[in-house]
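Read the figures in this text as sums done on the coordinates, not as results from a lab. If you're wondering where the values come from, they're calculated on a predicted model, not measured in any experiment. As a convention, Cβ positions derive from the backbone with ideal geometry for all residues, glycine included, and neighbour counts pool all protein chains shown.
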């Protein structure tokens, strides 16, 4: 196994003997490993945060999982590198899934962390490049998108290499701001809301069907969740939305905490966007925000600006993802 070393330093190779009697493919598989930077590593080892160190030293419950999760992650990374070495793969390791990387020539992108790590990595992975997630700390990390966890890495990688691990093509969402595409690879959701959580979000919501017919409504709420099926088990579901089949090509929007006059009701409290249709937001506030797949990708949305969401033409191939039923 070969490893490309950059900054920050990668986790060293494991000292234990690699697994024996593993059938490797005829041609070495080219794999990019994207590992998360744990909170313990960031705050304690790198930033030398005195407050976090003090909390750890006195066993404060707010940080009690930091060290344990970090240790589990390190052990999983050792398992990953050992398994890839046993399979004869050509490997590049990168700490931090948001740093730029290239997928050309790769046979597999492997994320080591949780759903957040895979989600961050997915923004740079185009159609046709398989993505496999390893949940490195299952006791404290959500891993819905992850097919493997500590203890099952070799089996999952063997399945990825020999083609027996199931593939799922996930729909993603395209987002346009004032007729300019700002993202084509949203996997979970977009949150539109006021920059201040205590302020009312005002907007005109329009649902446009594939035939061009539309319905729109002037709304006031805490904001809107809008996303493809893969994100329907997350914030959309928490806000009252439905869980959609992973094979669906529809989008879903869910209004958060709508303000409705006494005795009134919304026509569009939530809904589905058929393939070929759009859902749009005409902003009526000066300090709106659009958060794409979490807190790291943020766009300002001001008075009169228009957001338009539609299904993207760029799917994401995820390996070993358990399929689910939806309504």
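Some notes on this structure:
- Normalised contact order of the chain, rounded percent, pairs of Cα under 8 Å and 6 or more residues apart: 18 percent
- Cβ crowding within 10 Å ranks 303, 309 as 303, 309, fewest other Cβ atoms first.
- Order of 247, 82, 39 - criterion: other Cβ atoms within 10 Å of each residue's Cβ, fewest first: 247, 39, 82
- Look at the Cα gyration tensor of the range 128-203: its axes a ≥ b ≥ c give a/c of at least 1.5 with a/b at or below b/c, and that counts as oblate.
- Length-normalised contact order for the range 173-313 - Cα pairs under 8 Å, 6+ apart - percent: 31 percent
- Mean separation of Cα pairs under 8 Å and 6 or more residues apart, divided by the residue count, gives the range 131-187 a relative contact order of 21 percent.
- Annotation: the residues 221, 265, sorted from fewest to most other C-beta atoms within 10 Å of their own C-beta, follow the order 265, 221.
- Percentage of interatomic Cα-Cα distances in the chain larger than 36 Å: 27 percent
- Shape call, the range 173-313: gyration tensor on alpha carbons, a/c limit 1.5: rounded
- For the residues 260, 134, 298, a GNM of the chain with alpha-carbon springs under 10 Å puts the largest fluctuation on 260.
- Using alpha-carbon coordinates, inclination of helix 153-162 to the longest axis of the chain, degrees: 80 degrees
- Degrees between helix 64-86 axis and first principal axis of the chain (Cα, 0 to 90, nearest 10): 60 degrees
- Helical runs assigned H by DSSP (4 residues or longer) give the chain a calculated mean residue ellipticity at 222 nm of -5000 deg cm²/dmol, each run adding -39500 (n - 2.57) before division by the residue total.
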